[in-house]
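Reviewing the structure listed below.
The values are calculated or read from the model by the stated rules, or taken from the named source; none is laboratory data. Keep in mind the model is a prediction, meaning the values are calculated, not measured. Counting neighbours? That spans all protein chains shown, and the Cβs are built from the backbone with ideal geometry, glycine included.
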Amino acid sequence: MQLFWTFLKIGLFSIGGGYAIIPLIQEQVVHQQGWLSEKVFADIITISQMTPGPIAVNTSTFVGMQINGVLGAVVATIGCILGGCVISISLYQFFQQHQESIYVAAALKSLKASSVGLIMSAGFTILLLTFFGTSELSSSLLAHFDWQSALLFGVALVILRKFKPNPIVLMCLAGFIGFLIY
């Protein structure tokens, strides 16, 4: 029940979905509940990005699987999507009734801006976890800098921007190189 309730709260209060939900899941499962370490959570995020489907659902499923096996995966996934489904249906009905309102348009504009901030926060968290092994900002970050990860990231970014290869091929290649390095 605690797993379901945690992911129901995450699903209900995660505006923006996708990458915007990652800091909220991390806060709940790593910091508040203590179910996973930051390293395991970072690994789950990596796997969630590579598997088909929405990253929020994938992350919830993998976290649930790590905590309580297949039953945990099902419970966490249902908890994560249930709130969003109910809210989406309710909002659809509301917007159909108020589609001409300037106030509703202004509220939607502000939600877009906050979603961008949440996505940027998730990206920053992923970079900190990758390069420093933690998502906490501290003065000792440079002591834990993983130059191999930074180099692999930089090379992959340059290759992606300059040569525009198939991203899946690049991810597989980077994964293979990471396997050899680590």
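Do we find that Gln49 is at pLDDT 90 or above, assigned by TED's automatic domain parsing to the domain that holds Ser121 and not aromatic (Phe, Trp, Tyr) in this structure?
no
Where the second residue is aliphatic (A, V, I, L, M) and surrounded by 10 or more Cβ atoms within 10 Å (Cβ to Cβ) and the first is more than 18 Å from Ile45 (Cβ to Cβ) and without any contact (Cβ under 8 Å) to a residue 60 or more places away in the chain and lies in the range 133-159, which pairs have Cβ atoms under 9 Å and are six or more apart or on separate chains?
Partner pairs satisfying both residue conditions: Leu137/Leu128; Leu141/Leu128; Gln148/Ile181; Val155/Ala174; Val155/Ile177; Ile159/Leu170; Ile159/Leu173.
The conditions are (1) over 15 Å from the mean Cα position of the chain (by Cα); (2) touching a residue at least 40 places away in the same chain (Cβ under 8 Å); (3) crowded, with 18+ Cβ neighbours inside 10 Å, and Gln66 fails exactly one of them. Which is it?
(2)
Against the condition part of a helix (DSSP H, G or I), under 20 Å from Gly133 (Cα atoms) and assigned by TED's automatic domain parsing to the domain that holds Leu128, how does Ser114 come out, does it pass?
Numbers: part of a helix (DSSP H, G or I): yes; under 20 Å from Gly133 (Cα atoms): no; assigned by TED's automatic domain parsing to the domain that holds Leu128: yes.
When the stated conditions are applied, Ser114 does not pass them.
Quick check on this structure: which one of Trp35, Trp5 is aromatic (Phe, Trp, Tyr), surrounded by 17 or more Cβ atoms within 10 Å (Cβ to Cβ), under 15 Å from Ile67 (Cα atoms) and modelled with pLDDT of 90 or more?
Trp35
Mind counting the residues in the range 118-132 that are among the small types (Gly, Ala, Ser) and closer than 18 Å to Val40 by Cβ? Walk me through it before giving the result.
Step one: filter the range 118-132 for residues among the small types (Gly, Ala, Ser), giving 121-123.
Subsequent filtering for residues that are closer than 18 Å to Val40 by Cβ retains 122.
Summing the residues that are among the small types (Gly, Ala, Ser) and closer than 18 Å to Val40 by Cβ in the range 118-132 gives 1.
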